[in-house]
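Structure first, commentary second.
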């Protein structure tokens, strides 16, 4: 069930608003940027200070995901984040996108730590043979 269907069910939104509702995912601009949790921000800053690369791997439509990414206050970290849209390679939990990242950046599997938030992320990391931590461990 997609987000409109859930909102429709919860709030009784008429079907005629589906197209406009879905357009918001591509075009919405929040009045204020979303802030990262302080411990996550600190972790990302430490990674950058240690001259390590940050990668963001996301499922979903690239245009929607890009709009979400633009709504976050990265505190200058955006220069150090490489974004990969799994849909352009193979959706998570398929490990193809991680294999692509390794090959493109000439990393070894043991050099990568995967931090995720969902069961799909855990399955994604495990299917690729990466060490995995849940983001909850930093909150």
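The values are calculated or read from the model by the stated rules, or taken from the named source; none is laboratory data. In this text, all values refer to a predicted model and were calculated from it rather than measured experimentally. Every residue, glycine as well, gets a Cβ built from its backbone with ideal geometry; the counts of neighbours run over all protein chains shown.
A few notes on this one:
- Helices (runs of 4 or more DSSP H) contained entirely in the stretch 1-49, each with at least 1 residues that are within 16 Å of residue 139 (Cα to Cα), free of Cβ contacts under 8 Å to residues at least 12 places away in the same chain and over 17 Å from the mean Cα position of the chain (by Cα): 38-49
- The stretch 116-129 residues that are assigned to a loop (DSSP other than H, G, I, E, B), paired with ones that are modelled with pLDDT of 90 or more (beta carbon under 8 Å, 6 or more apart): 117/134; 117/135; 117/136
- Positions within the stretch 72-95 being surrounded by fewer than 13 Cβ atoms within 10 Å (Cβ to Cβ) and either farther than 29 Å from residue 33 by Cα or free of Cβ contacts under 8 Å to residues at least 24 places away in the same chain (or both), in sequence order: 76, 79
- The condition of being crowded, with 17+ Cβ neighbours inside 10 Å and either part of a helix (DSSP H, G or I) or free of Cβ contacts under 8 Å to residues at least 24 places away in the same chain (or both) holds for only one of 69, 101, that being 101.
- Each residue in the stretch 104-115 was checked for being in a loop (DSSP other than H, G, I, E, B) and in contact (Cβ under 8 Å) with a residue 12 or more places away in the chain, and 1 pass.
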